[in-house]
Amino acid sequence: MHVVSRDTIVYAMSAQNKPVLNVEPGSQIQFQTWDCFQAQVTSAGKGFDGVDWNRVNPATGPVYVNGAEPGDVLSVKIDSIEIEQQGVAVCGKDMGTMGASFTESTIKIIPIKDNMAHFSESLHLPINKMVGVIGVAPASGEVSCGVPDLHGGNMDCKEITDGATVLLPVNVPGALLAMGDIHAVMADGEIGVTGLEVNGSVTVTVTVIKQAKGKELPLPMVLNKHCVMTIASDADLDIAADMAVSNMVGYLTKNEGFTLADAVMLCSLAADVRICQIVDPKKTIRVEFPRKYLTNGGVV
Ligand code: CA
Ligand code: ZN
């Protein structure tokens, strides 16, 4: 298995980032990853003295996937997510949905034992590991790893977890895949501005889907056993929702033969529109459509 070390840090996704590894499609790769603070926040308390804000939201990589050409689709199957035995959560002034209610910030270090996060002595939450940042180089310029967009990035989608597949656009040769920002526990919304942020590693298998023999896929998408999902991000949550819904309706009409009216009615009856997060510079919506209503289970 290929390993991408935690030393290969990027803070933005860009075609300018030098690949740290070249792999063939079908390869399995372990990305060793930092939490969103790059492990700078390790003790409970108030405030963030000493935190270098230029070193937040690191991703590791990027990986060049041989044969991936602009217009192709990069399929990233999440084989497993490993996490360390404690994570950090924060809230405070100007952070997240409740940021105006605080005058200072609070840091909580949360131990993780036996697949439970020990929020307090008596309150334990089951872990739901997910990958917060996963993306490829955008077609031009660079996008901070703190921002989600068409290239993936900081989508903070809790369905990006063991067994799920993330479909990303290939914008530049090799795609340049990078990821980081594992959460041990997170709920839809991520309202406080963090999940339970944790160092760890993500093992993935990458494949390339050639558009020519593929379908018209509105990317990024996430697939799991039960659903196909469209993901869209915008500074305005309403616009993100419109985009994610229209992407799903488009997927159904172009690839599944539904009329526009049937696709819309079917989504209205069967597709859940959910919030991934409402705290990043762009907010993220996902639409979950059950595979059981798709021809042959849909997509790939
Ligand atoms: Ca994040
Ligand atoms: Zn995070």
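The values are calculated or read from the model by the stated rules, or taken from the named source; none is laboratory data. What you see is a predicted model, and the numbers here were worked out from it, not measured in a lab. Note that each Cβ is placed from the backbone with ideal geometry, even for glycine, and that neighbours are counted across all protein chains shown. What goes into the accessible areas is simple: the full protein's heavy atoms, side chains included, and nothing from ligands, DNA or RNA. Shrake-Rupley method; radii C 1.70, N 1.55, O 1.52, S 1.80 Å.
Some notes on this structure:
- The stretch 143-283 - percent relative contact order, Cα under 8 Å, separation 6 or more: 33 percent
- Within the chain, antiparallel bridges make up roughly 90 percent of the DSSP beta bridges whose residues both belong there.
- Figure legend: label point modelled 7 angstrom from the Cα of ASP94 along Cα→Cβ; no residues of the stretch 151-172 have amide N under 15 Å from it.
- Per residue, the chain exposes 43 Å² of solvent-accessible protein surface, assessed with a 1.4 angstrom probe and all protein chains in place.
- Alpha-carbon centroid distance for the pair the stretch 1-67 / the stretch 190-253, whole angstrom: 20 Å
- Rounded to the nearest 10 degrees, the inclination of helix 260-270 to the longest alpha-carbon principal axis of the chain is 40 degrees.
- Using a simple spin-label model with pseudo-atoms 7 Å out from Cα toward Cβ, LYS108 and GLU24 lie 4.8 nm apart.
- The charge dipole of the chain, taken about its Cα centre with unit charges on the Cβ of Lys, Arg, Asp and Glu (plus for the first two, minus for the last two), comes to roughly 520 debye.
- Cα-Cα over 31 Å, subset of LYS225/LYS254; LYS93/LYS283; LYS93/LYS225; LYS254/LYS283; LYS93/LYS129; LYS46/LYS129: LYS93/LYS225
- Here the scattering of the stretch 198-291 is modelled by Debye summation over its C-alpha atoms, one equal scatterer each and no solvent; at q = 0.12, 0.19 Å⁻¹ the log10 of I(q)/I(0) is -0.43, -0.95.
- To the nearest ten degrees, helix 237-256 and the longest principal axis of the Cα atoms of the chain are 30 degrees apart.
- For the chain, CYS36, CYS91, CYS145, CYS227, CYS267 stand unpaired, since no other cysteine beta carbon lies under 4.7 Å from theirs.
- Based on DSSP H segments of at least four residues, each scored -39500 (n - 2.57), the chain has a per-residue ellipticity at 222 nm of -3500 deg cm²/dmol.
- Applying 1/(1 + (r/R0)^6) with R0 = 35 Å to the Cβ-Cβ distance of LYS292 and SER101 gives a FRET efficiency near 0.25.
- Hydrodynamic radius of the stretch 43-162 by the Kirkwood approach over all distinct alpha-carbon pairs: 17.2 Å.
- Counting only protein heavy atoms and a probe of 1.4 Å, the accessible surface of the stretch 120-265 is 58% carbon and sulfur.
- Stokes-Einstein D in µm²/s, Kirkwood radius over Cα pairs - the chain at 4 °C with 1.567 mPa s viscosity: 67 µm²/s
- Net +/- balance of residues flanking GLY297 in space, Cβ distance below 10 Å, scoring K and R +1, D and E -1: +3
- Within the shell defined by Cβ-Cβ distances under 15 Å, the residues around MET1 carry a net charge of -2, with Lys and Arg each +1 and Asp and Glu each -1.
- Viscosity 1.306 mPa s, temperature 10 °C, Stokes-Einstein D of the stretch 19-94 from Kirkwood C-alpha radius, µm²/s: 102 µm²/s
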